[in-house]
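Participant: Pasting in a structure now, in structure tokens, and then I'll have a few things to ask.
No value in this document is a laboratory result; all are computed from the given coordinates. Computed from a prediction, not measured in an experiment: that's the story for all the values here. Heads up, the Cβs are rebuilt from the backbone with ideal geometry, glycines too, and the neighbour counts pull from every protein chain shown.
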Amino acid sequence: MLIVNKRLIEKLKAKDELAFEQVYYEYEKLVYYICYSITKDKNASEDLTQDTFLRLLTSLDTYEENGKFKQYIMMIARNLSKNYVTRVASKQPIYSDEEIYNQKDNSSNDILLYDIKDYLTDLEAEIVILKIVHKLKFKEIAGYLSMTIGQVQATYYQAIKTLRKELN
């Protein structure tokens, strides 16, 4: 796990390639998941993942060191993805879940994503995936989803209960 501290932020601001690579490889999958969960488009999510890291580099001057670097990246990814969806909503048809399912690759995280969505609401699935796959803390998930920690925990534990019931 990468520890993002003041020194690493300073290296990023100085355009240090090694520092950027460390941050990129630490957060790439999380950023992609956030983009994909909003856009439901693999290609757009890949592009938005790249855009997120570019935006991170260009906005580091305004970033205030407060120990919430991961949330900062998540916020950028979420905002770019929502803007993308708003921009293209009138231009492209929304794909059905079946079309998305047929286009997915066979990675274990994708299989998990599609399997649990059969049993859970979108919010429950998102919380479970952020918690289990991306190993976020309840506090981080709550900040990302603009919910209280209690709401996130209640939703998570209800989702786990539902999965246990359905999968046993």
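Participant: Can you pull out the residues in segment 40-51 that are more than 17 Å from I73 (Cα to Cα), of a type outside the set (G, A, S) and part of a helix (DSSP H, G or I)? Explain how you work it out, then say what you get.
Facilitator: Kept after step one, since they are more than 17 Å from I73 (Cα to Cα), are these residues of segment 40-51: 40-44.
From what is left, the residues that are of a type outside the set (G, A, S) are 40-43.
Correct list: K42, N43.
Participant: Here is a further query. Out of K137, K161, I need the residue that is more than 21 Å from M75 (Cα to Cα), out of contact with any helix residue (DSSP H, G or I) (no Cβ under 7 Å at 6 or more places or on another chain), surrounded by fewer than 18 Cβ atoms within 10 Å (Cβ to Cβ) and of a type in the set (K, R). Which one? Let's see the steps before the verdict.
Facilitator: Working: K137 fails: more than 21 Å from M75 (Cα to Cα).
Being more than 21 Å from M75 (Cα to Cα), out of contact with any helix residue (DSSP H, G or I) (no Cβ under 7 Å at 6 or more places or on another chain), surrounded by fewer than 18 Cβ atoms within 10 Å (Cβ to Cβ) and of a type in the set (K, R) holds for just one of K137, K161, which is K161.
Participant: Turning to a different aspect of this structure: Within segment 27-39, how many residues turn out to be surrounded by fewer than 17 Cβ atoms within 10 Å (Cβ to Cβ) and more than 14 Å from I129 (Cβ to Cβ)? Spell out the reasoning first.
Facilitator: Taking segment 27-39 as the starting set, the residues that turn out to be surrounded by fewer than 17 Cβ atoms within 10 Å (Cβ to Cβ) are 28-29.
Cutting the leftovers down to more than 14 Å from I129 (Cβ to Cβ) gives us 28.
Residues in segment 27-39 being surrounded by fewer than 17 Cβ atoms within 10 Å (Cβ to Cβ) and more than 14 Å from I129 (Cβ to Cβ): 1 in total.
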